[in-house]
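Single-structure report; data block below.
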Amino acid sequence: MMKQNLSMLGLLAAILAVAYFTSSSAIEIAATTTGLAAVWLTAKEKMWTWPISLVNVACFFYMFLDVKLYADMTLQVFFFVLSIYGWAVWMTKREGAAVRPTRTWTRRMAALLLVFLIVFTVAWGYILERYTDASIPYLDAFIATLSLVAQFLLSYKILQNWYFWIVVDVLSIGMYYYKELYATSFLYVIFLGIAIMGLVEWKREYARRASAVQALQDEVNTYAG
């Protein structure tokens, strides 16, 4: 635990250092620090991720409005709703654990989310290009829609959310650097590392629970036989 806390403090110090040397705004510093805390807690499957996430999306909403990334700005409204919903979901069906056990998606869910990703990206990108002064409408819309899918899966405690977040992080690093949001771009480098860590830890926990359930089932079958 002490090692984890020191790692978190080290990451926070790095974020603040980048923010200072790049003259980042106060709102960007608030968004990056709360974002770092929220993602770290998510990877560790801690319930505190949700209240911190609510503060984080409020900060990002204002920041994206200021730099005219309207898809990302609108995305924060969805994130706010999904964070409240995810908070409620993680507290249900915990089976004696601190949070709801991790699940995997079904083929039907995967197919529906893929269709949603394509259709919503094209529609959102078109609206941004035609009716706003968005600087990079289709990339902005794609990253935003991909993030929405990832957040939906995260709220439902579904393992595959991390694959989506990894892609989002890689694309966001380039986009925010291009928009001269250097502290935010650096934050997404850290997010990428935490997302990989989260994927590994969630997969390990999912496998552990699956093995325990299988062992219990084998014991029941042996007894019944």
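No value in this document is a laboratory result; all are computed from the given coordinates. These numbers come from a predicted model, not from an experiment. Cβ: placed from backbone, ideal geometry, glycine included. Neighbour counts: every protein chain shown.
Overview of values
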quantity	calculated
Chain lengthening between residue 78 and residue 167 when straightened (0.36 nm per residue, less Cα-Cα)	30.1 nm
Rel. contact order, % - alpha carbon contacts under 8 angstrom, at least six apart, the stretch 101-218	23 percent
For 205, 180, order by how many other beta-carbon atoms lie within 10 Å, fewest first	180, 205
Residues 147, 53, sorted so that the one with the fewest Cβ neighbours within 10 Å comes first	147, 53
Fewest-first sequence of 66, 133, 72 by Cβ atoms within 10 Å of each Cβ	133, 66, 72
Three-way shape call for the stretch 2-213 based on the alpha-carbon gyration tensor, with the a/c threshold at 1.5	oblate
Relative contact order for the stretch 2-213, counting Cα pairs under 8 Å that sit 6 or more residues apart, in percent	23 percent
Proximal aspartates and glutamates to residue 44, defined as alpha-carbon separation beneath 16 angstrom and excluding residues fewer than eight positions away on the same chain	201, 205
Of 46/68; 46/93; 68/203; 93/203, pairs whose Cα-Cα distance is over 26 Å	46/68; 68/203
